[in-house]
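Undergrad: Structure incoming, see below.
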Amino acid sequence: AMQVKEVADLAGISIRTLHYYDKIGLLTPDSISETGYRLYSTKNLDTLQQILFFKELGFALGKIKEILENPLFDRKRALVHHREMLLKKRARLNRILETIDKTIQHMNGEIELTNEEKFKGFDFTYNPYEEEARKLWGDEPVDRSNTKISGISEDKQKILADKMEFIYKRLASIRHLQPESEEAQGAIEAWYDFLNDNFGTYSPEMFKALGQMYVDDKRFTKSIDRFGDGLATFMRDAMSVFTDKANS
């Protein structure tokens, strides 16, 4: 565990910044020492690294928090896309540097510069990196889902909860079967249809990622396995098979 000053020095940011991240729930240290000092774990440092990558790409802190809390977020996948985005940013900066060089040459009377060339590389109309992130982690489907849920009456929520429980129990009763079996795939398709009918639009890829989350996030595992030990793993495997078949 590292104290806040050590983390600040390591990451090149201020102690005040780390305190603020903690205050808004973006980066909360895993523990507090007996003397009241914040103690950051290796996992906290990994999260901080991810936050700083997003900041480098121009994301607002609120948006970073949304992405990190998204159940579909995959850190390794995110790093691959960070690299791609940073390469695009580097290419854009290279174009701006070229414009600066040409402008200096123009001021020295060495070359002519058109009006269009004076602004090559500039584009402040939108954040292309955020656009890619929304596509990658499904912000829009999640936003639609949240809006849809908030508008559902308590009676409708009870009906949905009953339907959800019925599907879980059906899956639990056949979890001894192979995930690729016809019966298992029929039951998991019912789960896929239920999610799409009631909680927004889930692509097969998002459905597969959701299944992986059932196993990776122990809170989901515990909740799902109430219907039968090993159900979360069975659903994860069946959802993976479903997606592979949908894409074949």
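The values are calculated or read from the model by the stated rules, or taken from the named source; none is laboratory data. These numbers were taken from a predicted model, which means no experiment stands behind them. Neighbour counts run over all protein chains shown; Cβ positions are idealised from the backbone, glycine included. What goes into the accessible areas is simple: the full protein's heavy atoms, side chains included, and nothing from ligands, DNA or RNA. Shrake-Rupley method; radii C 1.70, N 1.55, O 1.52, S 1.80 Å.
Undergrad: Report the residue, chosen from Leu231, Leu160, Leu48, that carries the largest GNM mean-square fluctuation when the chain is represented by alpha-carbon nodes joined by springs under 10 Å.
TA: Greatest mean-square fluctuation among the candidates belongs to Leu160.
Undergrad: Any chance you could give the angle, 0 to 90 degrees and rounded to 10, that helix 154-173 forms with the longest Cα principal axis of the chain?
TA: The answer is roughly 70 degrees.
Undergrad: Separate question: When only Cα pairs under 8 Å and 6 or more residues apart are kept, what is the percent relative contact order across segment 167-248?
TA: On the way: 82 pairs, mean separation 31.7, N = 82.
Averaging sequence separation for qualifying contacts and normalising by length gives 39 percent for segment 167-248.
Undergrad: So if we plug the beta-carbon distance of Arg92 and Ser14 into 1/(1 + (r/R0)^6) with R0 = 45 Å, what FRET efficiency do we get, rounded to 0.05?
TA: Numbers: r = 28 Å, r/R0 = 0.62.
About 0.95, to the nearest 0.05.
Undergrad: Mean separation of Cα pairs under 8 Å and 6+ residues apart, divided by the residue count of the chain: what relative contact order is that in percent? Don't jump to the answer; show the numbers that get you there.
TA: Details: 196 pairs, mean separation 34.0, N = 248.
Answer for the chain is 14 percent.
Undergrad: Averaging sequence separations of C-alpha pairs under 8 Å and six or more residues apart, then dividing by the length of segment 1-87, give the relative contact order as a whole percent. All intermediate terms of the calculation are to be shown ahead of the outcome.
TA: Values: 60 pairs, mean separation 20.9, N = 87.
Relative contact order here is 24 percent.
Undergrad: If you don't mind, there's one more thing I want to ask. Could you work out how far helix 128-137 tilts from the main Cα principal axis of the chain, as a 0 to 90 degree angle to the nearest 10?
TA: 10 degrees
Undergrad: Next question. If one computes the Cα centroid of segment 58-107 and of segment 164-182, what distance in Å separates the two points?
TA: Here the answer is 43 Å between Cα centres.
Undergrad: Would you kindly find the accessible area of Val80, with a 1.4 Å probe and non-protein molecules such as ligands, DNA and RNA excluded, rounding to the nearest 10 Å²?
TA: 80 Å²
Undergrad: Now a separate question. Run the Debye formula on the Cα coordinates of the chain, all scatterers equal and no solvent, and tell me log10 I(q)/I(0) at q = 0.13, 0.14 1/Å.
TA: -0.99, -1.07
Undergrad: Give me, ordered by chain and number, the residues 5 or more places off Glu180 or on other chains with an amide H under 5 Å from its own placed amide H.
TA: Excluding prolines and chain starts, which carry no amide H, there are no hits.
Undergrad: Could you tell me which of the pairs Lys55/Lys89; Lys55/Lys118; Lys163/Lys222; Lys63/Lys163; Lys5/Lys218 are separated by over 23 angstrom between their Cα atoms in the structure shown?
TA: On the way: Lys55/Lys89 13 Å; Lys55/Lys118 28 Å; Lys163/Lys222 19 Å; Lys63/Lys163 33 Å; Lys5/Lys218 32 Å.
Among Lys55/Lys89; Lys55/Lys118; Lys163/Lys222; Lys63/Lys163; Lys5/Lys218, the Cα-Cα distance tops 23 Å for Lys55/Lys118; Lys63/Lys163; Lys5/Lys218.
Undergrad: With a 1.4 Å probe and every protein chain kept in, tell me what percent of the accessible surface of the chain is carbon plus sulfur.
TA: On the way: 8040 of 15340 Å².
Of all accessible area on the chain, carbon and sulfur atoms account for 52 percent.
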